[in-house]
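To start, the structure itself, in structure tokens.
The values are calculated or read from the model by the stated rules, or taken from the named source; none is laboratory data. Remember, it's a predicted structure, so these values are computed and weren't measured experimentally. FYI the Cβ positions are ideal-geometry reconstructions off the backbone, even for glycines, and counts take in every protein chain you see. What goes into the accessible areas is simple: the full protein's heavy atoms, side chains included, and nothing from ligands, DNA or RNA. Shrake-Rupley method; radii C 1.70, N 1.55, O 1.52, S 1.80 Å.
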Amino acid sequence: MRLYAAVAVSGFKRYATYRVATVAGVFTNTVFGFILAYTYAALWDERPHLGGYDLAQALTFVWLGQALLAAVGLLGGGFEEELQERIRSGDIAVDLYRPVDLQTWWLSAELGRALFQLLGRGVVPMAVGALVFELRMPVSPLTWAWFLLAVALAVCVGFAVRYLVSLASFWLLDGTGLSMLSGLLCLFFSGMILPLNVFPGQLGVIARALPWAAMLQVPADVFLEEHRGSGLLAAFAFQAGWAVALLAAGRALQAVATRKVVVQGG
């Protein structure tokens with residue numbers, strides 16, 4: 001465990017060195033937050049309580065999305081490009097010979113990266129949004145702890161999805177297209193464009209059951225205190241269930257790839 005903790009710390013420090021990129025990311029998230037916030041304000045002015053949210057809740061959802069965008073990897077980013085390149089070049093063979101678990105190594109690095117992105121790119125946009133707009137902040141101090149737990153589970157689900165996508169590079173010459181498709185699906189089904197509560201009928205039921213819902217919709221609803229008591233436990237169980245299932249799928253696919261496929265670099 002010390003090794004993986006050190007990997008997580010290394011992941012945090014690695015992204016902390018990209019100060020200009022962090023500032024640019026904060027600026028971009030803030031600008032897009034304003035664009036989405038005013039769009040939501042116009043929409044909720046026409047349709048008050050759309051999806052069961054009032055305007056303050058809807059605006060809070062916008063800024064939570066911007067705060068979690070980089071941390072959870074809602075549009076990708078992080079480890080997958082590096083992992084795909086190591087698979088293409090054949091360097092993955094060296095990784096597999098190391099006396100560490102490949103999946104846990106990358107997950108540890110991703111947790112470190114996510115913590116930095118949450119602090120470096122998440123806090124400022126959320127603070128700016130709270131200064132300019134009337135947001136719905138948690139009533140109970142304990143909600144902040146539940147929210148952080150939901151974010152941690154969201155990061156694990158996001159990692160598991162992107163790990164599966166990255167492993168496809170064992171069979172594909174270029175995994176860029178699949179990564180882009182995964183990013184688009186996440187953008188739509190995580191609630192980044194619109195809260196999943198707004199989706200009508202069966203589409204909404206399906207969207208809220210997919211793993212991407214665990215990456216934004218669930219943490220946002222925990223922050224907004226939409227889940228209480230047994231509902232809160234059910235929300236965490238939903239996230240944890242998808243995390244375990246997808247991590248297990250990634251481990252199974254990794255076993256198939258490393259036993260049956262010759263890495264492209266030789």
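Quick look at the values:
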{"read-out": "In region 79-101, residue farthest from residue 111 (Cα to Cα) [restricted to those that are open to solvent by less than 50 Å² (accessible area, probe 1.4 Å) and assigned to a loop (DSSP other than H, G, I, E, B)]", "value": "90"}
{"read-out": "Any hit, region 223-232, residues being under 13 Å from the mean Cα position of the chain (by Cα) and among the small types (Gly, Ala, Ser)", "value": "no"}
{"read-out": "Hey, residue 69 touching a Cys at 6+ places or on another chain (Cβ under 6 Å) and either of a type in the set (Phe, Trp, Tyr) or surrounded by 19 or more Cβ atoms within 10 Å (Cβ to Cβ) (or both) or not", "value": "no"}
{"read-out": "Index of the failed condition, residue 142 passing every other in (1) open to solvent by less than 80 Å² (accessible area, probe 1.4 Å); (2) over 17 Å from the mean Cα position of the chain (by Cα)", "value": "(1)"}
{"read-out": "Only one of 50, 55, 74 that is open to solvent by less than 30 Å² (accessible area, probe 1.4 Å) and farther than 20 Å from residue 154 by Cβ", "value": "50"}
{"read-out": "Any pair with Cβ under 8 angstrom, 6 or more apart, that starts in region 122-148 at a residue that is of a type in the set (S, T, N, Q) and ends at one that is part of a helix (DSSP H, G or I) and at pLDDT 95 or above", "value": "143/222; 143/223"}
{"read-out": "Tally of residues being of a type outside the set (S, T, N, Q), within 19 Å of the chain's Cα centre (by Cα) and open to solvent by 50 Å² or more (accessible area, probe 1.4 Å) across region 22-35", "value": "1"}
{"read-out": "Qualifying position, being under 14 Å from residue 71 (Cβ atoms), surrounded by fewer than 24 Cβ atoms within 10 Å (Cβ to Cβ) and touching a helix residue (DSSP H, G or I) at 6+ places or on another chain (Cβ under 7 Å), among 159, 170, 147", "value": "147"}
{"read-out": "Residue that is open to solvent by less than 10 Å² (accessible area, probe 1.4 Å) and either closer than 16 Å to residue 68 by Cβ or touching a Gly at 6+ places or on another chain (Cβ under 7 Å) (or both), where the choices are 152, 207, 214", "value": "214"}
{"read-out": "Filter result for residue 104 (open to solvent by 40 Å² or more (accessible area, probe 1.4 Å) and polar (S, T, N, Q))", "value": "yes"}
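Conditions tested, residue by residue: (1) part of a helix (DSSP H, G or I); (2) touching a strand residue (DSSP E or B) at 6+ places or on another chain (Cβ under 9 Å); (3) among the polar types (S, T, N, Q).
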site	(1), (2), (3)
202	yes, no, yes
207	yes, no, no
221	yes, no, no
226	no, no, no
237	yes, no, no
247	yes, no, no
